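Novice: Supplied in structure tokens, the structure appears directly below.
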Amino acid sequence: AATENVISKNILSQGSYGVLLIGGKGNRIIDNTMQRQNHRGIAFYGSSENTISGNSVSDYRSTGILLSYMSDGNKVLKNRFFDVANPFGAGDEASINLNTGSSRNLIQENMISSQRTYGVYLALGAQ
């Protein structure tokens, strides 16, 4: 598992995911720009106690940040979400999406300016 890494001050553009973390713990994703992702800006699967902070996420096809499959105790702080120039058209997911048993996550001081169906979406056992 990826543990205690820092991903900082990068420009991540035109991929499927800006950052994908599976089974990680104690990582920090801070002050990055993620743009024109074909799928998601940041996705965590089974990853806990990580921090996502100060990132700019724009023009993503489905979800800006996804916390899924028991991603617990993460902090999502002071991020900015835009999709005004979304080349794919408005999506049907959320800017921040918590689902499939993810719990005890802190979502605080984020700015969401998008065409998404939901700003923050909690589903399928998210608490």
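The values are calculated or read from the model by the stated rules, or taken from the named source; none is laboratory data. Everything quoted here is computed from the prediction, not taken from an experiment. Backbone-built Cβ (ideal geometry, glycine too); neighbour counts: all protein chains shown. With ligands, DNA and RNA removed, areas are computed over all heavy atoms of the protein, side chains included. Shrake-Rupley method; radii C 1.70, N 1.55, O 1.52, S 1.80 Å.
Novice: Does region 3-29 hold any residues that are part of a loop (DSSP other than H, G, I, E, B) and modelled with pLDDT of 95 or more, and which are they?
Specialist: If we filter region 3-29 for residues that are part of a loop (DSSP other than H, G, I, E, B), which is where we start, we get 4-5, 9-10, 14-16, 23-24, 26-27.
4, 5, 9, 10, 23, 24, 26, 27, listed by residue number.
Novice: Just checking, which of 77, 67, 122 is open to solvent by 70 Å² or more (accessible area, probe 1.4 Å) and at pLDDT 85 or above? Break it down stepwise before answering.
Specialist: Values: 77 fails: open to solvent by 70 Å² or more (accessible area, probe 1.4 Å); 67 fails: open to solvent by 70 Å² or more (accessible area, probe 1.4 Å).
None of the other options fit; the residue is 122.
Novice: A follow-up question, please. Inside region 39-61, can you point out the residues that are part of a loop (DSSP other than H, G, I, E, B), open to solvent by 10 Å² or more (accessible area, probe 1.4 Å) and within 20 Å of residue 99 (Cβ to Cβ)? Talk me through it step by step, then tell me what you get.
Specialist: Step one: list which residues in region 39-61 are part of a loop (DSSP other than H, G, I, E, B), which gives 39, 46-47, 49-50, 54-55, 59-61.
Remaining after also requiring open to solvent by 10 Å² or more (accessible area, probe 1.4 Å): 39, 46, 49, 54, 59, 61.
Selection gives 39, 46, 49, 61.
Novice: Still on this model: What single numbered condition from (1) over 26 Å from residue 9 (Cα atoms); (2) basic (Lys, Arg); (3) at pLDDT below 95 fails to hold for residue 104?
Specialist: Here residue 104 clears every test but (3).
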